[in-house]
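The values are calculated or read from the model by the stated rules, or taken from the named source; none is laboratory data. What you see is a predicted model, and the numbers here were worked out from it, not measured in a lab. In this analysis, Cβ positions are derived from the backbone assuming ideal geometry, glycine residues included, and neighbour counts consider all displayed protein chains.
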Amino acid sequence: MTKFFIIFLFLPLSINVLAHDFYFSFAELQYNQKEQKIEVSISVTGHDFEKYLTEKEVGLPQLEDCKGQPMDMIILEDEINNGFQLSQGDDKIQLHLLGMNVKDDGEVVFFLSSSTLEKPKEIEVRFDLLMNFYIKQQNKLTLFKPNGKEYFSFLSTRPKRTIKL
């Protein structure tokens with residue numbers, strides 16, 4: 001009887017541990033002077049991103065099965081560009097998905113690059129990836145500059161930031 005009481009007591013707690021209330025995406029951005037391109041990596045939790053794609057009814061297989069599949073990569077590129085946008089003035093800077101890495105711990109890293117462009121003095125970043133699906137989504141951006149790093153937070157109440165390169 002005591003065993004059943006303990007199991008009954010801790011069962012709701014164990015279910016609660018499996019769910020997480022906060023969601024994060026991390027991006028790193030730098031301007032590659034040699035290539036004259038903006039380079040970006042975006043890290044997300046794979047199962048969160050897959051659930052988001054399923055709810056949007058985006059017909060993709062599991063992320064690890066998208067690698068090397070040109071049509072799947074185009075669809076992923078569109079989805080990522082919907083949630084991570086760069087612009088210079090009124091001009092949107094298109095990012096191209098170069099590849100991705102699905103890690104054993106469930107994290108997925110997407111690698112993107114702009115076309116060749118002159119280094120902008122500043123750009124506007126909208127980083128609301130997954131925010132319309134996960135209410136408590138928070139996104140962080142690390143900007144790499146020749147003289148160090150800068151960090152920016154993006155919340156549903158503040159999904160856009162202007163940053164100086």
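Here are a few things to note about the model shown:
- Residue match in region 133-155 (condition: over 15 Å from SER43 (Cβ atoms), of a type outside the set (A, V, I, L, M), in contact with a helix residue (DSSP H, G or I) (Cβ under 6 Å, 6 or more places away or on another chain) and surrounded by 11 or more Cβ atoms within 10 Å (Cβ to Cβ)): yes
- When region 113-130 is filtered for residues that are outside any loop (DSSP other than H, G, I, E, B), surrounded by 14 or more Cβ atoms within 10 Å (Cβ to Cβ) and more than 11 Å from the chain's Cα centre (by Cα), the ones remaining, listed by number, are SER113, SER114, ILE123, GLU124, VAL125, ARG126.
Every residue, every condition in (1) without any contact (Cβ under 8 Å) to a residue 40 or more places away in the chain; (2) in contact with a Phe, Trp or Tyr (Cβ under 9 Å, 6 or more places away or on another chain); (3) more than 18 Å from LYS160 (Cβ to Cβ), yes or no:
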site	(1), (2), (3)
GLU39	no, yes, yes
SER43	no, yes, yes
GLY46	no, no, yes
LEU53	yes, no, yes
LEU60	yes, no, yes
ASP65	yes, no, yes
PRO70	yes, no, yes
LEU98	yes, yes, yes
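- One residue alone among ILE80, ILE135, ILE74 is free of Cβ contacts under 8 Å to residues at least 40 places away in the same chain and part of a helix (DSSP H, G or I), and that residue is ILE74.
- Some residue of region 56-70 being under 14 Å from LEU129 (Cα atoms), at pLDDT below 95 and either in contact with a His (Cβ under 8 Å, 6 or more places away or on another chain) or in a helix (DSSP H, G or I) (or both): no
- The single condition among (1) modelled with pLDDT under 95; (2) within 17 Å of LYS37 (Cα to Cα) that PHE111 does not meet is (1).
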